[in-house]
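Colleague: First the structure, then my questions, so here it is.
No value in this document is a laboratory result; all are computed from the given coordinates. Predicted model only: the values in this text are computed from it and were never measured. Glycine also receives a Cβ, built like all others from the backbone with ideal geometry; neighbour counts cover every protein chain displayed.
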Amino acid sequence: MPHDASLHLAKGPRVSIRTFTLGDGTEFVARVRESRDLHRPWLFPPDTADAYALYAKRLIEDPTRMGFLVCERDGGDIAGFITLNNIVEGGFQSGTLAYGAFAHAAGRGLMREGLGLVVGHAFGPRRLHRLEINVQPDNAPSIALARGCGFRREGYSPKMLFIDGAWRDHERWALTVEMRTSG
């Protein structure tokens with residue numbers, strides 16, 4: 001579905017990133033439902049219209065969060081999503097990234113390109129200094145994406161996040177402006 005080009009924050013060769021809108025609910029929910037086997041047990045994105053509306057509204061209105069849709073430039077289909085959460089300014093200038101590919105786009109390198117665009121936006125116009133990604137240790141595709149985009153493993157946090165009814169261990173991956181510009 002074509003969208004207003006003014007919503008696109010950055011464009012790469014195959015994808016662009018744009019902000020979430022309330023109007024994306026139908027496509028987003030359909031993609032989540034198609035991707036359930038890919039996402040579970042790691043990720044539980046909104047899979048109903050009402051849940052999407054609440055999720056998107058928080059991303060749009062909360063100044064400590066930003067939501068990005070990774071869209072294929074050829075056709076505009078949503079390939080995945082990336083959120084920038086826990087944005088702290090001042091002396092910290094940091095945020096935490098989370099992401100999910102949709103099944104039709106998985107393994108095609110689209111999320112790597114999209115994550116690179118989000119990192120560029122976070123370090124550029126958003127003026128952040130540090131980004132973190134927290135990944136469950138058995139989630140090899142998400143770890144490969146973090147590593148492929150230049151993030152380094154900084155540590156391991158037992159029982160860090162409550163996901164799917166239990167406290168889950170996570171690896172902590174990080175990237176700073178200096179790491180990105182020197183690498």
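Colleague: What net charge is computed for the residues neighbouring PRO158, neighbours being all others with C-beta under 12 Å from the C-beta of PRO158, Lys and Arg scored +1, Asp and Glu -1?
Modeller: Here the charged neighbours net out to +1.
Colleague: Suppose a student asked you for the relative contact order of the chain, using Cα pairs under 8 Å spaced at least 6 residues apart; what percent would you report?
Modeller: After rounding, I find 18 percent.
Colleague: Roughly how many Å is it from the Cα centre of the stretch 4-61 to that of the stretch 125-183, as a whole number?
Modeller: Centre-to-centre (Cα) distance: 21 Å.
Colleague: Please give the net charge around ALA10, taking every other residue with its beta carbon less than 13 angstrom from that of ALA10, where Lys and Arg add +1 and Asp and Glu add -1.
Modeller: +4
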